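Each remark here refers to the structure printed beneath this line.
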Amino acid sequence: MEIARQYLLVGFTHVIPFGFDHILFILSIFFLNSNIKSVIIQCSVFTLAHSVTLGLTAAGYIAPNPGIVEPLIALSILFASIENILHQKINTWRIVIIFLFGLVHGMGFASALKEIGIPQSHFVTALLFFNLGVEAGQITIIFCAYFFVAIWFKDKPWYRSRIVYPISSAIACVALYWTIERILFNQ
């Protein structure tokens, strides 16, 4: 139980408050469509995908290059935020894109687990509860965005122009900066 509690907390804090890039990605998922059920489904697909590559990386089956993975994570945030500006509803291929981005993010999450280590005797438990902590952090972000923003304004005719576009534009600017920074300085 101690391992479960410890890794649940590590997963949650990896998102809130320490996962600024993760927070921006989840917000980018949220602002295309504020339907809470749809956003949680997308979030869960993202978690499923990053669980796969996180497990493979943590077990040593794959060894991704951070110089490639970190810029790709920033690009995934940039893509999702720009999609919010260009599209007004969810396209059918979005779930596939989110899954693919989740695979990339999972390789990035592995660095967090490498810092604290995973006990080999409790590998599956630690990995499972880390992912549950990440999912709990993501759902917390979704509910905060929903209850502080969407529930009040999503039906307003100006919601996209005054809330979605400016927030998505700000996220895109940060993600573009991170992409350039990570390409130039993470080699």
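Counting other C-beta atoms within 10 Å, which of Y165, Y146, Y61 has the fewest, and how do the rest follow?
Exposure proxy ranking, most exposed first: Y61, Y165, Y146.
In nm, give the distance between the simple-model label positions of L176 and M1, each being 7 Å from the Cα along the Cα-to-Cβ direction.
Modelled inter-label distance: 5.2 nm.
Report, in deg cm²/dmol and to the nearest 500, the calculated mean residue ellipticity at 222 nm for the chain, where each DSSP H run with n ≥ 4 adds -39500 (n - 2.57) and the sum is divided by the residue count.
Calculated at 222 nm, the ellipticity per residue is -25500 deg cm²/dmol.
Can you give the FRET efficiency to the nearest 0.05 for A63 and I41, using r as the Cβ-Cβ distance and R₀ = 35 Å?
So, using R0 = 35 Å, E works out to roughly 0.65.
Using Cα pairs closer than 8 Å and at least 6 residues apart in sequence, work out the relative contact order for the stretch 2-185, in percent.
This gives 43 percent for the stretch 2-185.
Give, rounded to the nearest 20 debye, the magnitude of the charge dipole that the chain has about its Cα centre when Lys and Arg contribute +1 at Cβ and Asp and Glu contribute -1 at Cβ.
Result for the chain is approximately 540 debye, rounded to the nearest 20.
If I fit a long axis through the Cα atoms of helix 20-32 and take the longest principal axis of the Cα atoms of the chain, what angle between them do I get, 0 to 90°, rounded to 10?
Its long axis makes an angle of about 40 degrees.
Taking the chain as the reference, fit the longest principal axis to its C-alpha atoms, fit the long axis of helix 123-145 to the helix C-alpha atoms, and give the angle between the two in degrees, 0 to 90, nearest 10.
Around 20 degrees separate the two axes.
If we count every other residue with Cβ under 15 angstrom of I97's Cβ, Lys/Arg +1 and Asp/Glu -1, where does the sum land?
Net local charge, I97 excluded: +1.
All other residues with a Cβ under 12 Å from the Cβ of R160 taken together, and with Lys, Arg as +1 and Asp, Glu as -1, what is their net charge?
The answer is +3.
Hey, what angle do you get for helix 94-116 against the long axis of the chain, alpha-carbon based, 0 to 90 degrees rounded to 10?
Compared with the principal axis, the helix lies near 40 degrees.
In the stretch 2-185, what is the count of Lys pairs whose alpha carbons are under 20 Å apart, counting only pairs at least 8 residues apart or on separate chains?
5
No lab work stands behind these numbers, since they all come straight from the coordinates. The structure presented is a predicted model; accordingly, all values stated were derived computationally and were not measured. Using ideal geometry, Cβ is built from the backbone for each residue, glycine included, and neighbour counts are taken over all protein chains shown.
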